[in-house]
Structure formats: structure tokens, C-alpha cells
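The values are calculated or read from the model by the stated rules, or taken from the named source; none is laboratory data. Keep in mind it's a predicted model, so treat the numbers as computed, not measured. Cβ sites come from the backbone with ideal geometry, for glycine too, and all protein chains shown count toward neighbours.
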Amino acid sequence: MYTTVQFIHSYWAYLVLIVLLIASFNAIIGFASNKEYSATNFRIALFTLIVSHIQLLIGIVLYLTPGNLARFDGGMGEVMGNSSLRLYLVEHPLMMIIALALITIGYSKHKKKLTSRPKFKVLAIFYTLGLLVILTRIPWDAWF
């Protein structure tokens, strides 16, 4: 089960990155060019939110599988002393939750704005911050 969930989590991450990049650039371009906020922009923001939340749920399932929890057998001291274990068991999950919180806050705040420019601004700030947080804690060695 661990291998299957890890496979899904790894490949769903590509979708999350692509959609988050599109949403961030869409918001930045919309803000910079004073575009009118449309239903398409709303759908991009919403789809990004949904895809990233699904990734979080897959990640939680992966984290709680017996194959992953067995890595804690040496105790927290061993986990914190080993940079690879620390990345997978502490840093990556924590930073992804923070990134998802930023994305969710951005989506929620943008809905409260009444005009296009502030909507794009909020999305550009929070989605781009979420993207940057994600990019800092992806286990790149496992991806390539």
C-alpha cells in the first residue's frame, strides 16, 4: 500500500506544481495588465485549491501508512539527526501544510474583494508564496 500511495503522491505533485504555476502567473499577469477578473480566472483559482487539497489528503494517507511510520522506530532523536529522515518526516509535511494554508487564505481573501485588481493581487501574493514554500521543501533527489 505504501508504494502505491507514494506513487500517486509523487505524480499528483506534478499536477499541483503545473496548476499552481499557471494560477500564479495568471494572477500576476492579471494584476500587472489590469485585466478584468472573469469566470475563467475564478475556475483556475478554484481548481488550484482543489488539486492542492487533494494532494494534502494523499500526503496525509501516505504519512500514516505503516511503511512510513516505521521510520520513526529509532525515535525522534534519530529522525532529527538524519537530514533525509528529517526532510521526509518533519520538514516536508510541515512546509506543505503551511503552503496549503497560504493557498487557502489567498483563495478565501480573493473572494471577498469586489474589484478585479485586488482579487488578482491577493491571488498573486498568496499563490506565489505557496508555490515558493512548496519549491523549497520538495525532495528533489527523489524526483530526478
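Assorted remarks:
- Members of region 108-120 that are surrounded by fewer than 22 Cβ atoms within 10 Å (Cβ to Cβ) and within 19 Å of the chain's Cα centre (by Cα): S108, K109
- Qualifying residue in region 74-96 (condition: loosely packed, with under 15 Cβ neighbours inside 10 Å, within 13 Å of the chain's Cα centre (by Cα), closer than 29 Å to T128 by Cα and not hydroxyl-bearing (S, T, Y)): yes
- If you go through region 113-144 and keep only what is modelled with pLDDT under 95, over 12 Å from M95 (Cα atoms) and among the β-branched types (V, I, T), you end up with just T115.
- Among the residues making up region 13-51, those that are of a type in the set (G, A, S) and without any contact (Cβ under 8 Å) to a residue 60 or more places away in the chain are A32, S33, S38, A39.
- Residues in region 34-54 that are of a type in the set (G, A, S) and at pLDDT below 95 were compared, and the one that is surrounded by the most Cβ atoms within 10 Å (Cβ to Cβ) is S38.
- Flag for L57 being part of a helix (DSSP H, G or I), surrounded by fewer than 13 Cβ atoms within 10 Å (Cβ to Cβ) and among the hydrophobic types (A, V, I, L, M, F, W, C): yes
- Within region 60-78, being touching a residue at least 12 places away in the same chain (Cβ under 8 Å), part of a helix (DSSP H, G or I) and not charged (D, E, K, R) holds for V61, L62, Y63, P66, G67, N68, F72.
- Residues (within 18 Å of the chain's Cα centre (by Cα) and exposed (fewer than 13 other Cβ atoms within 10 Å of the Cβ)) located in region 1-33: F7, Y11, Y14, I18
- Inter-residue pairs, beta-carbon under 6 Å, first under 11 Å from N34 (Cα atoms) and in region 107-123, second loosely packed, with under 15 Cβ neighbours inside 10 Å, 6+ apart: S116/E36
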